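The values are calculated or read from the model by the stated rules, or taken from the named source; none is laboratory data. Just so it is clear, the structure is predicted and the values come from calculations on it, not from any experiment. Here the Cβ positions follow ideal geometry from the backbone for every residue, glycine too, while neighbour counts run over all protein chains shown.
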Amino acid sequence: MASTADGIGNIFRIPEVRNRLLFTIAMLAVYRVGAHIPVPGIESAALAEFFDAQKRGTMLAFFDMFSGGALSRLTIFALGIMPYISSSIILQLMTVAVPHLEKLKKEGEAGQRKITQYTRYGTIVLASVQGLGMSFGLEAMTSPTGAAIVTTPGWPFRLLTVLTLTAGTAFIMWLGEQITERGIGNGISLVIFAGIVAVMPAGIVNSIQLIQTGELGIIQAIIVVMLMVIVVGIIVFVETGQRRIPIQYARRMVGRKMYAGQSSHLPLKVNTSGVIPPIFASSVIMFPATIAGFMQHPTMTSIADQLTPGSMLYTVIYVSMILFFCFFYTAIVFNPADVADNMKKHGGYVPGIRPGKPTAEYIDSTLSKITLGGAIYLSLVCILPDFMIQAFSVPFYFGGTGLLIIVGVSMDFMSQLESHMVMRNYSGFLKSGKMRGRR
């Protein structure tokens, strides 16, 4: 306890770390304030009645979780950060197929800045499309009592809604980039984290109400809590898991001195992609499902029903997307050929494996196997809430994707905070147990 207290004290003794932490907290506070500023022209009471009538586990409720409740209140941040994530996915996929983007990617920091600029443009386009679809849907929607949600329908309302929602998404995108640059942690992930954490108190209250009304038994509630604890333990265990490939460096002559060979290892994380695949997969599914949910048309309603969490089609698409993005994102951030070349240049080799191409193939094969295991783990954790809804009738954000993001982002944030402190010759935030992989 004393070590942890000292670690917290060290944070505020280092000016740069303290300023970064306070800046991160301030930006997240601004985000939460904006999540309560409503879009003009909306009848709040009718909108609240409409969302209260929605069943738990619908796609609208799922999207509302990622927006931190901004969608159900239809605030300026109702679209959340998902248009930015969707744009990022599109640009990353295009870097494989479009030679110009592939060339920019290889140009280093300058090329990455250009790709980031394209991502921002794409975010504005996608947010505008989603905002326009939502404006049409809102005009056609009514509360269960028949009250209109839009007070003055028409093109002035539609254009104002598109402008407001697009500006809100652009502002969230800017907040995330500022946190990444001037704060601690990944800004986009922390924005999503803040949104999920913000709606969890309401989920706890809902669960207590279910227990009081008898819809959720005490035994079932205990099972749910135990299941949450087990899932958190599994997430922490797997997220810190590594496959360490031994590396041996040959003896080398520097001047007139002969230096003995050294032994090291190449750490390969079981889940190299972190929480990115579930976020990407959710974003891909949310885009058409959200527009379909707001369109009062039989075909659109059928699409929205088919893409409801818990349905067979949703589960198949969601798991397939997670598997795809696990391998895709790992291939982007880790290149076995480059690693093998660097090892060869520095006189390193894997015992029993020839340097060069055989080493690259060995690393790629090993990485593919553990990535498959990580993808299966992510899929199982993320579809857990669908079964919890059916079995216990509890708010789905108590597990699965939401819980994975909360634990994963928390671990990443603590790890980066630890790094900032260690760089400045402090023992870190957790003296007795630093954030590192298992041996």
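Do any helices (runs of 4 or more DSSP H) entirely within segment 4-123 hold 2 or more residues that are modelled with pLDDT under 85 and more than 27 Å from MET286 (Cα to Cα), and if so, which?
Working: elements: 15-34, 44-52, 59-66, 70-73, 82-97, 99-105.
Hits in segment 4-123: 15-34, 99-105.
Would you check which residues across segment 204-219 are surrounded by fewer than 18 Cβ atoms within 10 Å (Cβ to Cβ) and not acidic (Asp, Glu) and list them?
In the first step, residues of segment 204-219 are kept if they are surrounded by fewer than 18 Cβ atoms within 10 Å (Cβ to Cβ); the result is 204-206, 208-209, 211-215, 217-219.
ILE204, VAL205, ASN206, ILE208, GLN209, ILE211, GLN212, THR213, GLY214, GLY217, ILE218, ILE219 - these are the residues of segment 204-219 that are surrounded by fewer than 18 Cβ atoms within 10 Å (Cβ to Cβ) and not acidic (Asp, Glu).
The residues of segment 234-259 that are among the small types (Gly, Ala, Ser) and either surrounded by 15 or more Cβ atoms within 10 Å (Cβ to Cβ) or at pLDDT 85 or above (or both) amount to a single one, GLY241.
Filtering segment 360-401 down to residues that are small (Gly, Ala, Ser) and farther than 19 Å from VAL316 by Cα, which residue is modelled with the lowest pLDDT? Even if it seems obvious, please write down each step before you answer.
Applying the first criterion (small (Gly, Ala, Ser)) to segment 360-401 yields 360, 365, 368, 373-375, 379, 391, 393, 399-400.
When the remaining residues are screened for being farther than 19 Å from VAL316 by Cα, the result is 360, 365, 368, 391, 393.
Details: ALA360: 88, SER365: 90, SER368: 90, ALA391: 66, SER393: 61.
Among those residues, the one meeting the criterion is SER393.
The single residue among ALA127, ALA78, ALA35, ALA48 that is out of contact with any His (no Cβ under 8 Å at 6 or more places or on another chain) and surrounded by fewer than 19 Cβ atoms within 10 Å (Cβ to Cβ) turns out to be ALA48. For segment 168-183, filtering for residues that are touching a residue at least 40 places away in the same chain (Cβ under 8 Å) and either part of a helix (DSSP H, G or I) or closer than 16 Å to SER88 by Cα (or both) leaves 11.
Each residue in segment 191-220 was checked for being in contact with a Leu (Cβ under 8 Å, 6 or more places away or on another chain) and in a helix (DSSP H, G or I), and 4 pass. For the condition assigned to a helix (DSSP H, G or I), in contact (Cβ under 8 Å) with a residue 24 or more places away in the chain, in contact with a Ser or Thr (Cβ under 8 Å, 6 or more places away or on another chain) and farther than 14 Å from GLY69 by Cβ, LEU165 does not qualify.
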